[in-house]
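Structure first, commentary second.
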Protein chains: 2
Amino acid sequence: MTRNRHWVLLRRPEGLPQLADFEIREDDVSEPAEGEVLLRVLYAAMDPAIRGFMNAGGYAAPLPLGAPVKGMVLGRVLRTKARGFATGDLVWGFGSWSEYVSVPAAQLHRAPIEAGLDLSASLHVLGTIGLTAHYGLFGIAAVKPGERVLVSGAAGAVGSLAGQMARIAGASRIIGIAGGPEKCARAVAEYGCDSCIDYKAEADLSAAIGAALPEGIDVCFENVGGAALDGALAHLRKDARIALCGMISGYNAEAQSLKNAWGLVVNTARLHGFRVTDILADRVRMSAMLAEIAGWIAAGKLRWHVDVRYGFEAIPETFLCLFSGAHTGRLLVRLAGD
Amino acid sequence: MTRNRHWVLLRRPEGLPQLADFEIREDDVSEPAEGEVLLRVLYAAMDPAIRGFMNAGGYAAPLPLGAPVKGMVLGRVLRTKARGFATGDLVWGFGSWSEYVSVPAAQLHRAPIEAGLDLSASLHVLGTIGLTAHYGLFGIAAVKPGERVLVSGAAGAVGSLAGQMARIAGASRIIGIAGGPEKCARAVAEYGCDSCIDYKAEADLSAAIGAALPEGIDVCFENVGGAALDGALAHLRKDARIALCGMISGYNAEAQSLKNAWGLVVNTARLHGFRVTDILADRVRMSAMLAEIAGWIAAGKLRWHVDVRYGFEAIPETFLCLFSGAHTGRLLVRLAGD
């Protein structure tokens, strides 16, 4: 039998996760069950959402202690007991921090091999990241030409695409929020923003948002929560839409307090939480969105960056980088060659 | 010349408004300007929203000091310089705390004289109150048969109609929140609720909501804000809609903190502020909504109560009753006979 390794959750993090919260466990690679596909994991993607699985109160029932940590992976099909996939196929979907993992075929998607694109695009612009930006901006916020858009986490994976897609949509003004001058510069130079607020340099983030968007916000793509979201709520235009994608500023802390929800009433605005899982479950809609994104890539309208670390052992330390901000692009761990 | 009296705002309330914040000023009744209609005010309606005009940060630019306080009135047309209204017509719309007031015709609506209905119905079920409940429940929250509905302020004017309209819509379970056993009893006996949570008797309002709706909330009609809204956010079902009508619990206090906005992401739910003014500006849609409400009245499906106080002098003290909860129905002041 081939041996397999998994990173399992040893204890529930309090605040920031630590390396000691995780441990490697070994077992034998098991056969896929009926309807499943066995993958060799090539890449694991480090998502802030993974933090949400580690404690109660997150997206779903918390991950059992001792179980492999869940997350998006890209892999090659080794064996299949499901229709629709063949040995050798490259697929992406919701797997785990494992060298080999069996996944229900219903959760898997074929990785498109576009000319000139790295495989890892399926864990970014042509995967959940691109779909999240597209769904939030067009599906949830219904951005229209000429609107004023605020994007928090503007140099992050999702935010960087949201800014560029707002540009594609014809937004009249796109303001980013990011942490530090380098990220802000990148948000403007590469990610579609007209200007970018460095939240680390602003004592009053709300005032900075008001100064950057004196006519207010039509659409906010919110990845961060906390002061960024509260500042957005204080500067809404009539009928504004906030696509609430994530609230990473609070994932490791006590619940965040919002003080400006009244702005929703005054401006008849809406704060709309969403999850890309709703799109993953709708293959027809997902395919149409991916096709549109692929068209933008082909037209040279989208840039994205991955920050790849190497080796199965590096997974937890790479995950922790998410919360320190010490990365320049979507964090991926490459476990094996193609 | 006929003399006129107005209640004007003398100073901006800090916290709860006080009688000394208001003062009577006299002048002569003036002629309506072009496009305006001069009314003799028969009823003035006491709305929580009026509190919002008194300070900065409310619905609009704050009321100037020394100016008559604005609010909904019902009146009889004395003179008109606008098409569409004739002397003697009964109309309702946005006027002021005055004995006579000239109002742009575009802001006025003819009061329907339905058989057996008191005039004051136009300041309640057949006016902004009925429209607010209808718009929030059907237009904003899009309630569907079989859904689980939470209504805060369930014995208040808007809430009492929202509960009954949820019943008409075929909601499977309707839970109210109100203050005190009498209001709770009325919410159940008269206003469509299956049961009603007495927030004054609950140390943990969120837990009480969870106990009353163990399967969670599909639709929340939110009039109160504060702990009621935060409790609702903690018990959302997937794709829940919160129609955010008002946040009266905070109108006289510091901004309210919401801690559970994360529930919007987890449940892909939306928090949607709205204002009935959008409906008042759309006469076609408004007429259709009023016709539907009139049909429900004719079918005996809606109850409503007014709590009428008498005399122009009584306006400010009646307004203050809104915030003490010491009233049993929509608070109106009757200024003059028909």
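The values are calculated or read from the model by the stated rules, or taken from the named source; none is laboratory data. Just so it is clear, the model here is predicted, and its values are computed rather than measured. A quick note on method: Cβ atoms are made from the backbone with ideal geometry, for glycine too, and the neighbour counts reach across all protein chains shown.
Checking each residue of segment B:272-281 against the condition of being surrounded by fewer than 16 Cβ atoms within 10 Å (Cβ to Cβ) and either more than 14 Å from chain A (Cβ to nearest Cβ) or modelled with pLDDT under 90 (or both) gives no match.
Contact map, segment A:311-323: first residue modelled with pLDDT of 95 or more, second residue in a helix (DSSP H, G or I), Cβ cut-off under 7 Å, separation 6 or more or different chains; pairs are A:Pro316/A:Leu19; A:Glu317/A:Leu19; A:Phe319/A:Ile50.
Listed here are the residues, each with its yes/no results for (1) closer than 18 Å to B:Leu161 by Cβ; (2) facing another protein chain (nearest Cβ under 8 Å); (3) modelled with pLDDT under 95.
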position: B:Asp218; (1), (2), (3): no, no, no
position: B:Glu222; (1), (2), (3): yes, no, no
position: B:Gly225; (1), (2), (3): no, yes, yes
position: B:Leu233; (1), (2), (3): no, no, no
position: B:Leu236; (1), (2), (3): no, no, no
position: B:Ala240; (1), (2), (3): no, no, no
position: B:Leu244; (1), (2), (3): yes, yes, no
position: B:Met247; (1), (2), (3): no, yes, yes
position: B:Glu254; (1), (2), (3): no, no, yes
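Taken over segment A:80-98, the criterion of being in contact with a helix residue (DSSP H, G or I) (Cβ under 9 Å, 6 or more places away or on another chain) and surrounded by 15 or more Cβ atoms within 10 Å (Cβ to Cβ) is satisfied by A:Thr80, A:Lys81, A:Ala82, A:Phe85, A:Leu90, A:Val91, A:Trp92, A:Gly93, A:Phe94, A:Gly95, A:Trp97, A:Ser98. Note on segment B:37-82: residues that are part of a loop (DSSP other than H, G, I, E, B), touching a Pro at 6+ places or on another chain (Cβ under 7 Å) and within 17 Å of B:Arg12 (Cα to Cα) amount to 3. Annotation note: of B:Gly153, B:Gly136, the sole residue that is in contact (Cβ under 8 Å) with a residue 40 or more places away in the chain, crowded, with 24+ Cβ neighbours inside 10 Å and at negative phi is B:Gly136. The number of residues in segment A:18-36 that are out of contact with any Phe, Trp or Tyr (no Cβ under 7 Å at 6 or more places or on another chain) and in a loop (DSSP other than H, G, I, E, B) comes to 7. Output the residues belonging to segment A:120-154 that are in a helix (DSSP H, G or I) and under 21 Å from B:Arg270 (Cα atoms). A:Leu131, A:Thr132, A:Ala133, A:His134, A:Tyr135, A:Gly136, A:Leu137, A:Phe138, A:Gly139, A:Ile140 - these are the residues of segment A:120-154 that are in a helix (DSSP H, G or I) and under 21 Å from B:Arg270 (Cα atoms).
Counting the residues of segment B:202-248 that are touching a residue at least 40 places away in the same chain (Cβ under 8 Å), in a strand (DSSP E or B) and more than 21 Å from B:Ile129 (Cα to Cα) gives 3. Here B:Leu322, B:Leu264 are screened, and the one residue that is touching an Asp or Glu at 6+ places or on another chain (Cβ under 9 Å) and either outside any loop (DSSP other than H, G, I, E, B) or not assigned by TED's automatic domain parsing to the domain that holds B:Ile197 (or both) is B:Leu322.
Residue by residue, here is whether (1) within 22 Å of B:Lys238 (Cα to Cα); (2) buried (at least 19 other Cβ atoms within 10 Å of the Cβ) holds:
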residue: B:Pro145; (1), (2): yes, no
residue: B:Ser160; (1), (2): no, yes
residue: B:Ala169; (1), (2): yes, yes
residue: B:Ala189; (1), (2): no, no
residue: B:Ala201; (1), (2): no, no
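A count restricted to segment B:83-97 and to residues that are under 20 Å from the mean Cα position of the chain (by Cα) and either of a type outside the set (A, V, I, L, M, F, W, C) or assigned to a strand (DSSP E or B) (or both) stands at 6.
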